[in-house]
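S.K.: Sharing a structure below in C-alpha cells format, with a few things to ask.
The values are calculated or read from the model by the stated rules, or taken from the named source; none is laboratory data. As the structure is a prediction and not an experimental result, all values here were calculated from the model. Every residue, glycine as well, gets a Cβ built from its backbone with ideal geometry; the counts of neighbours run over all protein chains shown. We work out accessible area using only protein heavy atoms, side chains counted, and drop any ligands, DNA or RNA first. Shrake-Rupley method; radii C 1.70, N 1.55, O 1.52, S 1.80 Å.
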Amino acid sequence: MRKILLIEPKYKNKYPPLGLMKIASFHREKMHDYVRFTKGKLPPAFANTKWDHVYVTSLFTFEWAATIEAIEYAKTLVDSIDQITVGGIAATMLPEQIFEETGINPVRGLLNEPGKLNLPGDECIDQIVPDYSILDETDYKYPFRDAYFLSATKGCGNKCGFCAVQTLEPTFIPYIDIKEKIKKIDAKYGPKKDLLLMDNNVLRSPKFNQIIDDIIAAGFGKGATYVNPKTGKTVRRYVDFNQGLDAMFLTEAKARRLGEIALRPARIAFDHIEDRETYERALRLCAKYGITELSNYVLYNSEDFGGKGHQYAADTPADLYNRMR
C-alpha cells in the first residue's frame, strides 16, 4: 500500500477539486492505497511524513503564485520530483511555464487516455465516481459542496478564440449517463441536495432530450425537494449548468424542456454586442417557460476573434456598456 497525498493550493474557490476527488477514488478503490487530501499545507501531525506520490491540482491561471507555492511544498514531501504529478486547468494552459518554474512537466487535459499517470487503468479516471469523503479531511469549507458534481456531456465544439475549452476538452462527447453515477454516490456517500453539471455546451447535444429525462429521473424535476438529513427540513433542489447555456443553440423546444427541471439559475453568456438578438431571444424563451432566475456571463475587452462560425470585431467600451445595460 502506497501513501498518496492530494494537494489543492490554498486559493479561495467555491467548488471542491473534482479531479482530485476522482483520483482519490481511483487510488483507494483500484490501487488500494492510503490517500490523504489537504487544502494548502498538511496539519502538523503529518510534518515528518514522506509520501510515495503527491498530486497537485491547479485552477485559474491568475492563481499562479498559490499554485507554484503548492508545488514547491510538495517537493519537500517526497524524495524525487518524479513522485509529483501536477495537473488541472492552469497546468494544461501553461505547461511550459510550469516546467520552467518548477522542473515538473505537468499532465495536460483530462485523465481519459491510458498512460497519463503511468498506472494501469488510469484512462478511466475522468469517468470515475468522485470520492466525497476527502472533503472531510480539511477545515476549508467550500460554499458549494452538497451537490452531485457531474457532466452529461464533454467539450463544446464552438472553438471561440478567447476560450480554453478547446484545449481542456477538445473532443465533444454528446452524452454521458449521470443516473448510475448518482446511484453510486447515494449508496456510498448519501444523497446530495443539488445537481451541478459541468457541461460546456449541453444544448449542442443531439441527445439533449435524453439528458433532461435523466435529470428528471434522478429527482430533479421542476419543484423537486430534498430533506436535509441534519435538520430534517424540506428544502428545494436545484440544477445548475455551471459553465453556461449557449444562446445560439436555445430553441423553443429546448427552452420548454429546461422549464421541466429545477433549473436555477440559467447561465447565459452575452460575450459580444453582435450576439444581442440571439441573447435577448434566449432570455425571453427562458421567461416564457418559467425560468426567471438568470446569471449572465459577460466577456469584456476582447480583441477580434472567431467563434460559432462567425468573426467578431474587437469589443469597445460603448459595446460593453450597452451589454451591461
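S.K.: So which residues in the range 96-128 are among the acidic types (D, E) and open to solvent by less than 40 Å² (accessible area, probe 1.4 Å), if there are any at all?
M.R.: Correct list: D122, D126.
S.K.: I'd like to check something: does the range 36-46 contain any residue that is within 27 Å of K188 (Cα to Cα) and in contact with a Lys or Arg (Cβ under 7 Å, 6 or more places away or on another chain)?
M.R.: There is at least one residue in the range 36-46 that is within 27 Å of K188 (Cα to Cα) and in contact with a Lys or Arg (Cβ under 7 Å, 6 or more places away or on another chain).
S.K.: Can you pull out every residue in the range 162-200 that is assigned to a helix (DSSP H, G or I), under 30 Å from T234 (Cα atoms) and of a type outside the set (D, E, K, R)?
M.R.: Within the range 162-200, I182, I185, A187, Y189 meet the criteria.
S.K.: Moving on. Among residues belonging to the range 254-278 that are of a type in the set (A, V, I, L, M, F, W, C), assigned to a helix (DSSP H, G or I) and in contact (Cβ under 8 Å) with a residue 40 or more places away in the chain, point out the one that is most open to solvent (accessible area, probe 1.4 Å).
M.R.: I273
S.K.: Please indicate, with yes or no, whether at least one residue in the range 145-163 is open to solvent by 40 Å² or more (accessible area, probe 1.4 Å) and under 29 Å from K41 (Cα atoms). Don't jump to the end; show me each part of the working.
M.R.: Step one: list which residues in the range 145-163 are open to solvent by 40 Å² or more (accessible area, probe 1.4 Å), which gives 145-146, 157, 159, 161-163.
Those still in the list that are under 29 Å from K41 (Cα atoms) too: 145-146.
Looking for residues that are open to solvent by 40 Å² or more (accessible area, probe 1.4 Å) and under 29 Å from K41 (Cα atoms), one finds at least one in the range 145-163, hence yes.
S.K.: Across the range 279-313, which residue is most open to solvent (accessible area, probe 1.4 Å) among those that are of a type in the set (G, A, S) and farther than 22 Å from G157 by Cα?
M.R.: It comes out as A287.
S.K.: What number of residues within the range 297-312 are more than 28 Å from I261 (Cβ to Cβ) and touching a strand residue (DSSP E or B) at 6+ places or on another chain (Cβ under 9 Å)?
M.R.: Of the residues in that region, 6 qualify.
S.K.: Among the residues of the range 29-42, are any under 19 Å from P120 (Cβ atoms) and of a type in the set (A, V, I, L, M, F, W, C)?
M.R.: yes
S.K.: Is there any pair with a first residue in the range 219-242 that is more than 20 Å from P265 (Cβ to Cβ) and a second that is of a type in the set (F, W, Y) and surrounded by 15 or more Cβ atoms within 10 Å (Cβ to Cβ) whose Cβ atoms are under 8 Å apart and which are 6 or more apart or on different chains, and what are they?
M.R.: T234/Y226
S.K.: Another question about this same structure. Since L294 meets every condition but one in (1) more than 21 Å from D186 (Cα to Cα); (2) out of contact with any strand residue (DSSP E or B) (no Cβ under 6 Å at 6 or more places or on another chain), which condition does it not meet?
M.R.: (2) is the only condition that L294 fails.
S.K.: Something else about it: Among the listed residues L299, L294, identify the single one that is closer than 23 Å to V239 by Cα and either within 25 Å of the chain's Cα centre (by Cα) or not hydroxyl-bearing (S, T, Y) (or both).
M.R.: From the options L299, L294, the qualifying one is L294.
S.K.: Only one of these conditions is not met by E8: (1) of a type in the set (D, E); (2) surrounded by fewer than 20 Cβ atoms within 10 Å (Cβ to Cβ); (3) in contact (Cβ under 8 Å) with a residue 24 or more places away in the chain. Which number is it?
M.R.: It fails just one condition, (2).
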